[in-house]
Amino acid sequence: MMGLKSILEKHRNNIIAKWFDIVADTYPPDTARFLKSQKDPFANPVGGTTRQSLESVFNELLTDADPARIRDALDPVIRIRAVQTFSPSHATSFVFSLKHLVRELAEKESCEPKDFIEFSLQLDAVSLIAFEIYMTCREKVWQIRATEQRDRTFKAFHRAGLVSEAPEDNPGLYKNSLQ
């Protein structure tokens, strides 16, 4: 009986292609069609980045599943999804879709259940890494938005003569001008 990792290596390209299709299908139909059909990474940077990230994560899972390298592999695709309109669960759920693909293959190839359980636990850890990256990116997006709003408000108040000159990172209102 062949081990799960050997089976995954044997079916590597097919699994990655199916996984990519599942990720692409999380987008609207026109976008999904474009992501799947346009293979040129310069004409389709989202598709190219996603494909590369999925391949790197899968390769890492077949070797030693180093969390730092998995984080590096996931980072580009999660950054893309963090600035789009996906909810946190929707943006990171693609990790679990690999579990379903592997389960189907493991059942078809009559793998040892313990091998699938071990792989499944690795994917759970990968999903937590993906969620952590997503939340870090979203925090940064909200920080940028808050800073832009603060700066916009400061400039409007400054034009109206309601604020003093202050350092860029800490605009100050005149205490007497708003009374």
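Every number here is computed from the coordinates shown, using simple stated rules; none is lab data. Given the structure is predicted, the values throughout are model-derived calculations rather than measurements. Neighbour counts run over all protein chains shown; Cβ positions are idealised from the backbone, glycine included.
With neighbour counts taken as other beta-carbon atoms within 10 Å, the residues 137, 111 rank, fewest first, as 137, 111. P(r) for the chain, from all Cα pairs and a bin width of 5 Å, is 1, 8, 14, 16, 14, 11, 8, 6, 5, 5, 4, 3, 2, 2, 1, 0, 0 %, short bins first. In the distance distribution for the range 49-100, Cα-Cα pairs more than 17 Å apart total 34 percent.
Which of rounded, prolate, oblate describes the range 89-132, given a ≥ b ≥ c as roots of the alpha-carbon gyration tensor eigenvalues and a/c under 1.5 marking rounded, otherwise prolate only if a/b is larger than b/c? Note, shape of the range 89-132 comes out oblate. Here the chain is scanned for chymotrypsin sites (Phe, Trp or Tyr not before Pro) in DSSP loops (not H, G, I, E, B) that have at most 15 other Cβ atoms within 10 Å, and the longest stretch holding none of them is 43-173.
Applying a DSSP loop filter and a limit of 16 other Cβ atoms within 10 Å to the trypsin sites (Lys or Arg not before Pro) in the range 1-64 leaves 39. Coupling constants for the range 122-139 follow from the phi torsions by the Karplus curve (6.51 cos²θ - 1.76 cosθ + 1.60, θ = phi - 60°), and in residue order they are 4, 5, 4, 5, 4, 5, 5, 4, 4, 5, 4, 4, 4, 5, 4, 5, 5, 4 Hz; glycine and proline get x. At q = 0.22 Å⁻¹, what base-10 log of I(q)/I(0) does the Debye formula yield for the range 92-170 when every alpha carbon is treated as an equal point scatterer in vacuo? Computed log10 I(q)/I(0) values: -0.96. Taking Cβ atoms as reference points and 11 Å as the exclusive limit, the residues near residue 113 contribute a net charge of -2, counting Lys and Arg as +1 and Asp and Glu as -1. Length gained on full extension, residue 6 to residue 124: 40.4 nm, using 0.36 nm per residue less the C-alpha separation. How much of the calculated P(r) for the range 1-77 lies past 20 Å, in percent of all Cα pairs? Roughly 37 percent, rounded to a whole number. Around the Cα centre of the range 16-166, unit charges on the Cβ atoms of Lys, Arg, Asp and Glu (plus for the first two, minus for the last two) sum to a dipole of about 860 debye. A run of the chain free of exposed loop cleavage sites, with GluC sites (Glu not before Pro) counted only in DSSP states other than H, G, I, E and B and at most 16 other beta carbons within 10 Å, reaches its longest extent at 1-108.
May I ask you to compute the full-extension gain from residue 69 to residue 112, defined as 0.36 nm times their residue separation minus their alpha-carbon distance, rounded to one decimal in nm?
12.8 nm
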